[in-house]
Amino acid sequence: MREEDEQQSIYKDYRVILFALVMLASIFFIQPWYSADEGLTTNLKYGLDLEGGSWLQVKPQGAVAQLDADTSLLLKEIIRMNLGEEVNIRSVETANDQVTVVFASEAQLTSNQLERIGMGQVSVSRINGLTEVRLTTSKDRLISTYLEEALKTEVVPMSVPDGVQYEIRASISQQELQELMSAVDGQILPDNRGEPLYRDGVTPQTRDLTAEILREKLNTLGLRDIPVRTVGDDYIIIDFAGLDLATATEIAERPGRFEIRIVTQGNDTRHVLYGDEIRSVGIVGFNDNDGQWYVPFTLTDAGALALQQAAIETGATRNPSAHNLVMYLDDNEVYSAPLSHSAAARLQEIPIYSWQASTGPDEESKQRAEQLQIHLRAGALPVKVEIVGSGQVDATLGQQFRMQALVAGILSLFAVAFVIQRKYRKNNILFPMIATSLSEVLMILGFAAAIGWQLDLASVAAIIAVIGTGIDHLVIITDEVLYEGKLPPKKVYLARITKAFSIIMAAAATTIIAMSPLVFMGFGALQGFAITTIVGVLIGIFIARPVYARVIQEILEKERGSTAE
């Protein structure tokens, strides 16, 4: 035999070695095991339709509107609702988006009382038996504060191209909102057609935040891989595989346990407050003064007093760097930082109600701030949610679906085997082809087990589709390798196998491009179908099919050698 015709041993081929390692890793992640009590068990996760369980469809309650009102009446009503006092407006000045209001009252108002309301920056003086207050604020802040006090809920103002949009995080009808605004000589602003700028529901950002908090809460409780997905603009669907409907409802409504502690000495800490003392949590912002991302939040009276007392007693007001505030969610630390020197000095005199938790200046810090915003809510959703739909899939029915999916996969393999046998009439080609398809299925399942992906009927359908496309590719390889029914010379073989893989790569690229929109646009169960299909295609073209080409070459070479003898 000539040296150029010598072939490296198949067992030393890097493609075969990679294939074997991936197969072993797949078996390791799947962890198949048989016991007399449980039968065959694996590490695979099954979705609702294959495992049984329950699902909830919830709708966040709220309203979005563009509003306007009289500044003086807003201020008077806010003071009356919070302090029960009457005030006399002396002047109102507006410059750009900033409003400066000077008002007086016979009551002895303090800056602490006014700052606790959260209207803006205040300066207080006592002149001739009257309290004179200078307030620097904005109209959107006054409107949101007024609505928060009247409705006892969170109101988030957001800038839009044609003004300010207010998200009211509670259920309120258009008529009820109009009546509330009429009390301060206000209204729901009309659009170009004269229709009120009002919409029942919440913004996409709040809907996504609600879904993320639900997802985070389920992860914290150890219920990983629970799909929480948004549908349309107003709905969130949660699948609880293996859980009954009553348990699923209880988990969805149960808040997490949030706690703030303060370092006393070394690693020792003492309790300061729980999450129910956090009055509201704002949206993530960037502070231009210190270049830091931050999450704003406000405390209740009891929470602010508890934090002040803890800071004074532990010495944090005198040496803040030695006494971090540490935040925990379900006993897991989520944030730790010292008081700023300005906050420490102020706490020595009065309690602070409005706080900012800073995370840093870069993009990663922004992500940490967004995550902290979720933690600060302690699993309590930003809006109340209404369960508008629910259902349950019996565990027996889920097992039946699983068995039917297995039978469908086996039947598809038998059908493929029959067609291949009829085409080539060679068992030495049929068996490697079927074994390659089975190995691709095993590697897809191993990938799913490794990342904790839940297999559902859509994923099983994708696996069956991958078997079909995989066989198509293997047929292309086989037809190109066989030359007049036998293995061609080496140069011809290399040219033909290159041609085969160019066809396969083009077909795979087309499949991946077609499936990609379903992955990124999140079309519910179709997302699982798309991901499984893409993973199966990538495993096939980079791991399984190169090995099949090598194996079929080895088999045909041995067949040629035995014929020559």
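The values are calculated or read from the model by the stated rules, or taken from the named source; none is laboratory data. Bear in mind that the values here come from a model prediction, so they are computed numbers and not experimental data. Backbone-built Cβ (ideal geometry, glycine too); neighbour counts: all protein chains shown.
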- [ ] Identify, from the list LEU214, LEU223, LEU218, LEU180, the residue that is outside any strand (DSSP E or B), among the aliphatic types (A, V, I, L, M) and modelled with pLDDT of 90 or more.
- [x] LEU180
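The rows are residues; the columns are (1) in the same structural domain as GLY47 (by TED's automatic domain parsing); (2) under 17 Å from GLY540 (Cα atoms); (3) at pLDDT below 85; (4) not in a helix (DSSP H, G or I).
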| position | (1), (2), (3), (4) |
| --- | --- |
| ILE429 | yes, no, yes, no |
| MET433 | yes, yes, no, no |
| THR436 | yes, yes, no, no |
| ILE444 | yes, yes, no, no |
| ALA448 | yes, yes, no, no |
| SER459 | yes, yes, yes, no |
- [ ] Can you tell me which residue within region 350-386, out of those that are of a type in the set (A, V, I, L, M) and at pLDDT below 80, is farthest from SER336 (Cα to Cα)?
- [x] VAL385
Open item on the list: Filter region 322-367 down to the residues that are surrounded by fewer than 14 Cβ atoms within 10 Å (Cβ to Cβ), within 22 Å of the chain's Cα centre (by Cα) and in a loop (DSSP other than H, G, I, E, B) and list them by number.
Closed with: ASP331, ASP362
- [ ] Taking ALA316 as meeting all but one of (1) out of contact with any His (no Cβ under 8 Å at 6 or more places or on another chain); (2) farther than 25 Å from THR203 by Cβ; (3) outside any helix (DSSP H, G or I), write down the number of the exception.
- [x] (1)
TODO: Might you check whether a residue that is buried (at least 20 other Cβ atoms within 10 Å of the Cβ), under 27 Å from PRO296 (Cα atoms) and at pLDDT 80 or above occurs anywhere in region 239-259?
DONE: no
Open item on the list: Restricting to region 117-140, count the residues that are part of a helix (DSSP H, G or I), of a type in the set (D, E, K, R) and either touching a helix residue (DSSP H, G or I) at 6+ places or on another chain (Cβ under 7 Å) or surrounded by fewer than 18 Cβ atoms within 10 Å (Cβ to Cβ) (or both).
Closed with: 1
- [ ] Specify the residue that is surrounded by the most Cβ atoms within 10 Å (Cβ to Cβ); the eligible residues are those in region 191-211 that are part of a strand (DSSP E or B) and either of a type in the set (D, E, K, R) or at pLDDT below 90 (or both).
- [x] ARG199
Open item on the list: Looking only at region 147-186, how many residues end up being more than 22 Å from GLY285 (Cβ to Cβ) and buried (at least 16 other Cβ atoms within 10 Å of the Cβ)?
Closed with: 12
Open item on the list: Just to verify a result, which residue in region 12-47, among those that are assigned to a strand (DSSP E or B) and aromatic (Phe, Trp, Tyr), is surrounded by the most Cβ atoms within 10 Å (Cβ to Cβ)?
Closed with: TYR46
Open item on the list: Any residue that is in the same structural domain as ALA408 (by TED's automatic domain parsing) and not in a helix (DSSP H, G or I) - is there at least one of those in region 462-481?
Closed with: no
Task: Given (1) part of a helix (DSSP H, G or I); (2) crowded, with 17+ Cβ neighbours inside 10 Å; (3) modelled with pLDDT under 90, index of the condition ASP276 fails - done: (2)
TODO: Any residue in region 411-438 that's under 15 Å from ILE477 (Cα atoms): show its pairings with residues that are of a type in the set (Gly, Ala, Ser) at Cβ separation under 6 Å, as long as the two are six or more apart or on different chains.
DONE: ILE434/ALA417; THR436/ALA544; SER437/GLY470
TODO: Tell me, yes or no, whether region 48-61 has at least one residue that is out of contact with any strand residue (DSSP E or B) (no Cβ under 8 Å at 6 or more places or on another chain), of a type in the set (Lys, Arg) and either modelled with pLDDT of 85 or more or assigned to a strand (DSSP E or B) (or both).
DONE: no
- [ ] Could you list all residues from region 141-152 that are in contact (Cβ under 8 Å) with a residue 24 or more places away in the chain and either of a type in the set (S, T, N, Q) or outside any helix (DSSP H, G or I) (or both)?
- [x] THR145
TODO: Using the structure shown, decide if VAL102 is over 17 Å from ARG199 (Cα atoms) and buried (at least 19 other Cβ atoms within 10 Å of the Cβ).
DONE: no
Task: Which numbered condition ILE78 misses (of (1) in contact with a Ser or Thr (Cβ under 8 Å, 6 or more places away or on another chain); (2) free of Cβ contacts under 8 Å to residues at least 40 places away in the same chain; (3) of a type in the set (Val, Ile, Thr)) - done: (2)
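Can you tell me which of VAL492, VAL481 is free of Cβ contacts under 8 Å to residues at least 40 places away in the same chain, touching a Phe, Trp or Tyr at 6+ places or on another chain (Cβ under 7 Å) and farther than 20 Å from ILE534 by Cβ? Walk me through it before giving the result.
Details: VAL481 fails: free of Cβ contacts under 8 Å to residues at least 40 places away in the same chain.
That would be VAL492, the only listed residue that is free of Cβ contacts under 8 Å to residues at least 40 places away in the same chain, touching a Phe, Trp or Tyr at 6+ places or on another chain (Cβ under 7 Å) and farther than 20 Å from ILE534 by Cβ.
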Task: Residues satisfying the stated conditions in region 140-182, i.e. over 34 Å from the mean Cα position of the chain (by Cα) and closer than 29 Å to GLU106 by Cβ - done: LEU180, MET181, SER182
